[in-house]
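In what follows, a single structure is set out as structure tokens and then discussed.
The values are calculated or read from the model by the stated rules, or taken from the named source; none is laboratory data. Remember, it's a predicted structure, so these values are computed and weren't measured experimentally. Here Cβ is always computed from backbone atoms with ideal geometry, including for glycine, and neighbour counts include all displayed protein chains. In case anyone asks, the SASA skips ligands and DNA or RNA and just uses the protein heavy atoms, side chains included. Shrake-Rupley method; radii C 1.70, N 1.55, O 1.52, S 1.80 Å.
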Amino acid sequence: MDLLLAWERGLDQSPARRALALLGACSPDIASDKLAALPVGARDARLLRLRESLFGDSIAAVSRCPECGEKLDVAFNVDDVLDAPPEAIDKVIGDPGIQAHHLNAGDYDVTYRLPTSADLIAVSLLPDDSASQQALLQRCVIGVQQSGVSTTIDMLPDTVITALSNDMANADPHAQIELALNCPACDHAWHSLFDIASFLWSEIHAWAQRILHEVHTLARAYGWRELDILTMSPTRRQIYLDLAQS
Ligand SMILES: [Zn+2]
């Protein structure tokens, strides 16, 4: 029920809010601001475990070869991309303190924290990716020094910005889930990013539409209320569906 409500509310929301809504619906004992304060990698680790509990651990996705355009079926397990056990994932939520990271690149020393869901939501309304990326760095960079003298993030050269983005990704395991792919048609090898937030959302979307269709069928056949049908066990619901359609 909570998941269905989260799906309904998420229909006109940004991907970052949808991801948070799904986690919130399935973690009612955790305050929403705590979930929003999780680094993106920790959020995605929770989403992967949530996906495992809802739909099982094997994931089938589709990719396309960037060289020849061949469509590729990609199959893997949650544990192939998630090396953290549930206890380690839960531990992050109990430790909400901001952890500072440091990057030294040339003359520059940058202190930053990892982006969170709250950051992604805050920058999601900006007009384009470049503006969002810049605003995200502004939020997450705590301090910048050039040769020991304090300066601002606007003064950072592009090479340091790139190094900073890479360092952030490396410091946040699971924030970027990469799949090593190989094209069977042209033998091209590449790495593809797997976005668990949008993948799980599309699965929940399909699930919600299936459930609502079942409610529609049973309500029409038997006159039952939506709540009664939704709270029925899946086994009994399926038996009544078979009877109604026979
Ligand atoms: Zn190819």
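For K34, the test of being loosely packed, with under 12 Cβ neighbours inside 10 Å and among the basic types (K, R) is failed.
When H205, H174 are checked against the criterion of being within 21 Å of the chain's Cα centre (by Cα) and modelled with pLDDT under 95, a single residue qualifies: H174.
Are there any strands (runs of 3 or more DSSP E) wholly within the range 95-163 with 2 or more residues that are buried (at least 16 other Cβ atoms within 10 Å of the Cβ), and if so which? Let's see the steps before the verdict.
Details: elements: 101-105, 108-112, 141-146, 149-151.
Correct list: 101-105, 108-112, 141-146.
Screening R210 with (1) part of a helix (DSSP H, G or I); (2) more than 23 Å from the chain's Cα centre (by Cα) gives one miss only, at (2). Taken over the range 196-218, residues that are open to solvent by 30 Å² or more (accessible area, probe 1.4 Å) and touching a Pro at 6+ places or on another chain (Cβ under 8 Å) amount to 1. Scan the range 166-175 and give yes if some residue there is in contact with a Phe, Trp or Tyr (Cβ under 6 Å, 6 or more places away or on another chain), touching a residue at least 40 places away in the same chain (Cβ under 8 Å) and closer than 20 Å to A61 by Cα, otherwise no. Within the range 166-175, none of the residues are in contact with a Phe, Trp or Tyr (Cβ under 6 Å, 6 or more places away or on another chain), touching a residue at least 40 places away in the same chain (Cβ under 8 Å) and closer than 20 Å to A61 by Cα. Across the range 70-82, the qualifying residues are those that are touching a residue at least 40 places away in the same chain (Cβ under 8 Å) and either within 14 Å of F199 (Cβ to Cβ) or loosely packed, with under 15 Cβ neighbours inside 10 Å (or both), and the one among them that is nearest to the ligand (Cβ to nearest atom) is E70.
For the criterion of being more than 16 Å from the ligand (Cβ to nearest atom), at pLDDT below 95 and either under 17 Å from D172 (Cβ atoms) or crowded, with 16+ Cβ neighbours inside 10 Å (or both), A61 fails.
Looking at P66, P28, can you tell me which residue is more than 16 Å from the ligand (Cβ to nearest atom), part of a loop (DSSP other than H, G, I, E, B) and either β-branched (V, I, T) or open to solvent by 20 Å² or more (accessible area, probe 1.4 Å) (or both)? Full working, then the answer.
Details: P66 fails: more than 16 Å from the ligand (Cβ to nearest atom).
None of the others qualify; the one that does is P28.
When each of V81, V74, V62 is tested for being under 25 Å from I211 (Cβ atoms) and of a type in the set (V, I, T), the lone residue that passes is V62. The single condition among (1) farther than 30 Å from Q133 by Cβ; (2) within 16 Å of the ligand (Cβ to nearest atom); (3) surrounded by 14 or more Cβ atoms within 10 Å (Cβ to Cβ); (4) not aromatic (F, W, Y) that S192 does not satisfy is (1).
Could you tell me whether R49 is at pLDDT below 95, closer than 27 Å to N166 by Cα, open to solvent by less than 30 Å² (accessible area, probe 1.4 Å) and of a type outside the set (A, V, I, L, M)? Can you show your working first?
Details: at pLDDT below 95: yes; closer than 27 Å to N166 by Cα: yes; open to solvent by less than 30 Å² (accessible area, probe 1.4 Å): no; of a type outside the set (A, V, I, L, M): yes.
Taking the combined requirement at face value, the residue does not satisfy it.
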